[in-house]
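The values are calculated or read from the model by the stated rules, or taken from the named source; none is laboratory data. Quick caveat, the model's predicted, so the values are computed rather than measured. Glycine also receives a Cβ, built like all others from the backbone with ideal geometry; neighbour counts cover every protein chain displayed. All accessible areas refer to the heavy atoms of the entire protein, side chains included, with ligands and DNA or RNA removed. Shrake-Rupley method; radii C 1.70, N 1.55, O 1.52, S 1.80 Å.
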Amino acid sequence: MADSPDAASAPRATADARRPRRHDPARRDRIVDACLDVIAEYGVAGTTHRRVAEAADVSLGSMTYHFTGMDALLAEAFDRFAHTFSTAFEASMADCGSAAEAREALARHILLEVFDTPRELVLTQELYTLAARDPRYRTITNGWMGRSRAVLERFFDPVTAGILDALVEGMTLHRALDIEPYDASAVRAAIDRVAGSTS
């Protein structure tokens, strides 16, 4: 008597059940990083589960296992991006011991450090556009601005710190998009006009 189909498949099913799952503790982080890469290439509008899964080299099932939906993935990816930017700014200002040193560090930050790559520029603008359309993402941008202002308030009063933060964002964007070399003296002059040139 021939074995039934169920009987024939039982050993294989048992073997599959006993096969250990691949241990991949970095999978979630890889998905988040891949999401940022996809956004940088296709924009938020062109970011799909399939594209992120392919970039991260994971199955589509892994996407739904780790994230409840695209909004959750976008929020975590942009939060990571903003945190990385904030940490870099804190590091660039960490050695400043006076307002004068802070002004010079700000000029260096504007001229050399922010939007060092097209990827950073695109991701920042994609985040701002998303936050402009969807208030849920403004907690990320507000947190980013809050960390920047907290650093600046070590050297300047809160109002001046807020203006300087806006100045940094505006001038870095202008520098990134300008087709001519940016004038370093104009950057320093703008900072001095806002923050003063003494102390």
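Before moving on, here are some points about what is shown:
- Between Ile179 and Ala150, the FRET efficiency from the beta-carbon distance, with R0 = 45 Å, is close to 0.85.
- Using heavy atoms of the protein chains and a probe of 1.4 Å, the accessible area assigned to His83 is about 100 Å².
- The largest-to-smallest principal axis extents of the Cα set in the range 50-160 are 53, 26, 21 Å.
- Note on Thr139 and His66: the extension gain reaches 24.1 nm, defined as 0.36 nm multiplied by sequence separation minus the Cα-Cα distance.
- When the chain is described by a simple charge dipole with +1 on each Lys and Arg Cβ and -1 on each Asp and Glu Cβ, the residue from Pro181, Asn142, Thr117 located farthest towards its positive end is Asn142.
- Gaussian network model of the chain, Cα within-10 Å springs - most flexible of Leu173, Leu60, Leu73: Leu60
- Radius, Kirkwood style, for the chain when every pair of distinct Cα atoms is counted (Å): 19.8
- Spin-label proximity, Arg28 to the range 72-89 - amide N less than 13 Å from point 7 Å beyond Cα toward beta carbon: 73, 76-77
- Ranked by solvent-accessible area (1.4 Å probe, protein heavy atoms only, all chains present), the residues Asp183, Asp95 order from largest to smallest as Asp95, Asp183.
- Per residue solvent-accessible surface (Å²) - the range 70-199, probe of 1.4 Å: 52
- Counting only Cβ charges, +1 for Lys and Arg and -1 for Asp and Glu, the dipole size of the chain around its Cα centre is about 580 debye.
- Potential lengthening between Ala91 and Gln125 on full extension [0.36 nm per residue; Cα-Cα distance subtracted]: 10.0 nm
- Whether the range 148-199 is rounded, prolate or oblate, judged on the alpha carbon gyration tensor where a/c under 1.5 counts as rounded: oblate
- By accessible area, using a 1.4 Å probe on protein heavy atoms only, the chain has 54% of its surface on carbon and sulfur.
- Each label was represented as a point 7 Å from its Cα along the Cα-to-Cβ direction; for Val194 and Thr84 these points are 2.5 nm apart.
- From phi via Karplus (6.51, -1.76, 1.60), per-residue ³J(HN,Hα) for the range 83-98 in Hz, x at Gly/Pro: 4, 4, 5, 4, 4, 5, 5, 4, 5, 5, 9, 5, 8, 6, x, 8
- Accessible surface ranking that places the most exposed of Arg108, Arg154, Arg133, Arg103 first, with a 1.4 angstrom probe: Arg133, Arg154, Arg108, Arg103
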